[in-house]
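Rule-based calculations on the coordinates, nothing more; no lab input. If you're wondering where the values come from, they're calculated on a predicted model, not measured in any experiment. Ideal geometry is used to build each Cβ from the backbone, glycine not excepted, and the neighbour counts take in all protein chains shown.
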């Protein structure tokens with residue numbers, strides 16, 4: 001298959017690119033290398049694929065609709081994994097217009113490019129943030145989600161709605177995948193696990209928000225990638241599917257696991273709960289099991305060990 005991965009140099013995107021190339025697909029990595037974090041990190045994520053005849057790198061922004069269409073036409077793209085987007089709950093409070101522009105307008109441009117080029121398969125990376133403060137657990141795709149509590153969450157939900165609208169109007173097959181906190185090699189440096197491992201290793205204080213009882217459904221990157229590839233391979237007219245581990249981990253326990261595998265105690269900077277943060281994420285993955293054959297394989301203990309091993313390899317190389 002000829003596949004375009006938008007945001008293909010980022011954390012999840014670059015791992016997806018590797019998985020698709022490993023199974024023999026032709027892959028177009030479409031990325032604008034923005035400065036949300038060091039673009040050199042993202043270039044490093046894909047450097048090993050440069051020169052592979054099945055890999056093409058296109059530097060472009062999803063807000064550039066002409067570039068999107070030209071890229072799809074030039075490479076004969078058959079399916080799109082739309083991973084590009086402005087990430088981050090807390091930063092979205094500072095610049096909600098940017099999040100609307102990238103996450104909503106950018107997704108509309110991808111949908112328009114599909115409509116105008118004949119691509120018939122889209123997997124859109126949404127987020128567990130759309131559930132907001134949800135009293136019903138685990139979170140199900142059928143839950144009402146009318147009250148997002150951050151601009152980031154609102155932008156992802158709005159993009160889902162546009163995906164449905166384009167499916168309804170133009171019969172575009174779209175699967176919206178709600179990703180629950182993915183972690184593992186190449187995780188963005190501002191994310192909690194990446195930041196905690198780095199800071200604990202180097203003896204720096206870690207920011208610890210709240211009383212430590214907040215819980216997240218953490219999903220190892222290989223499981224996230226498996227689910228996304230399955231969504232690409234098993235297109236549906238329109239579906240929304242959770243991709244999580246189906247388990248939760250308390251913040252305090254997460255820190256203790258990282259301490260164990262790094263081999264150092266954390267220096268903790270206790271801070272109040274942050275606006276926009278939710279106290280709990282917890283995925284009902286029954287639908288993913290039924291539709292995608294999805295089954296997470298990596299538990300939290302093993303996942304943290306793998307991440308710390310990868311981190312240490314980087315420290316040795318540096």
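Per-structure values
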| item | result |
| --- | --- |
| Rg and Dmax [Cα atoms of the chain; Å; Rg one decimal, Dmax integer] | 18.8, 56 |
| Viscosity 1.002 mPa s, 20 °C: Kirkwood-radius Stokes-Einstein D of segment 151-301 over Cα pairs, µm²/s | 126 µm²/s |
| Two-decimal Rg/Rh across segment 130-229, once Rg and the Kirkwood Rh are taken from alpha-carbon atoms | 1.03 |
| Distance between segment 170-225 and segment 85-108 - C-alpha centres, whole angstrom | 18 Å |
| Contact order normalised by residue count of the chain, Cα under 8 Å, 6+ apart, percent | 18 percent |
| Cβ crowding within 10 Å averaged over residues, with 16-22, 297-303 ranked highest first | 16-22, 297-303 |
| Normalised alpha carbon radius of gyration of segment 161-220 [divisor 2.2 N^0.38 Å] | 1.72 |
| Between helix 251-262 and the chain: long-axis angle, C-alpha atoms, 0 to 90°, nearest 10 | 80 degrees |
| nm² value of the averaged projected area, convex hull over the Cα atoms of segment 9-136 | 9.1 nm² |
| Debye log10 I(q)/I(0) at q = 0.13, 0.21 Å⁻¹ for segment 118-185, Cα point scatterers | -0.41, -0.92 |
| Ordering of 278-284, 235-241 by packing [mean C-beta count within 10 Å, highest first] | 278-284, 235-241 |
| Cα-based helix-to-principal-axis angle, 106-117 vs the chain, degrees rounded to 10 | 30 degrees |
| Volume in Å³ per residue [convex hull over Cα atoms, computed for segment 14-58] | 64 Å³ |
| Crossing angle, helix 65-75 versus the chain [Cα axis fit, 0-90 degrees, rounded to tens] | 80 degrees |
| More than 21 Å apart - percent of Cα-Cα pairs taken over segment 67-220 | 53 percent |
